[in-house]
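As structure tokens, the structure follows; a few thoughts come after it.
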Amino acid sequence: MFWLIWQMGVLLVIFSGLGLLVGYLVWSGDARSIDADKAQADNARLRQENENLARRLGEASARSAPSAEAAPQVAPAAPATPEVSQPEPAAQAAPRPKAKAKPADASKPVVSKPADAAEKPAKAEAASGEDDLTRIKGLGPKAEAALKAGGITTFAQIAAWSETDVDVWDDRINGRGRIERDSWVSQARDLAG
């Protein structure tokens, strides 16, 4: 009789341990299915690809924006030595009227402003030069380059943004809501003041 009690106790301990081991393997994170592993790998790969594409898009837009504004349209200047035809003798005797307007300086090209200058939203007057916009949390060098290409160079300009300006600039820099999430406007107010 003692033998049966001892045998049942040993078997109970062995099978309890075996049950705990199987339960641990089934319910732990290591017992994922192959499909779940593939899905996680695909998710990580697609996320990395999406980040690379977003980075390349930001770089391309940053490169194209400065080149469009860096090469403004230059109107042809008046020639330095205008051709003068031989005046007739009667024209020489007539007095010349005085020109009220100053002639354009031929050495300076006439530069026209880009067409999208009227579109740029809420540009506050810059008090002193350019600010280091990367001091705003969440605003990196690529976003700073895109903002500067768009004419935003100071904290005061960012602090003056309205909700529509935030949406416009978020789309322009491909921020995906970062401007609101990191509260750039309030940070810019703190840094400007």
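The values are calculated or read from the model by the stated rules, or taken from the named source; none is laboratory data. As the structure is a prediction and not an experimental result, all values here were calculated from the model. A quick note on method: Cβ atoms are made from the backbone with ideal geometry, for glycine too, and the neighbour counts reach across all protein chains shown.
What the table shows:
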| quantity | calculated |
| --- | --- |
| Pairs with Cβ under 9 Å, 6+ apart, first in the stretch 40-56 and farther than 26 Å from Arg172 by Cα, second outside any helix (DSSP H, G or I) | Gln40/Arg32 |
| Those residues of the stretch 153-178 which are in contact (Cβ under 8 Å) with a residue 24 or more places away in the chain and either among the acidic types (Asp, Glu) or in a helix (DSSP H, G or I) (or both), in sequence order | Phe155, Ala156, Gln157, Ile158, Ala159, Thr164, Asp165, Val168, Trp169, Arg172, Arg178 |
| Long-range neighbours under 9 Å by Cβ, at least six apart or interchain, first residue touching a residue at least 24 places away in the same chain (Cβ under 8 Å) and over 15 Å from Glu144 (Cα atoms) within the stretch 181-193, second surrounded by fewer than 15 Cβ atoms within 10 Å (Cβ to Cβ) and hydrophobic (A, V, I, L, M, F, W, C) | Ala192/Ala127 |
| Condition met for Val22 (part of a helix (DSSP H, G or I), modelled with pLDDT under 85 and either of a type in the set (Val, Ile, Thr) or under 30 Å from Ala145 (Cα atoms) (or both)) | no |
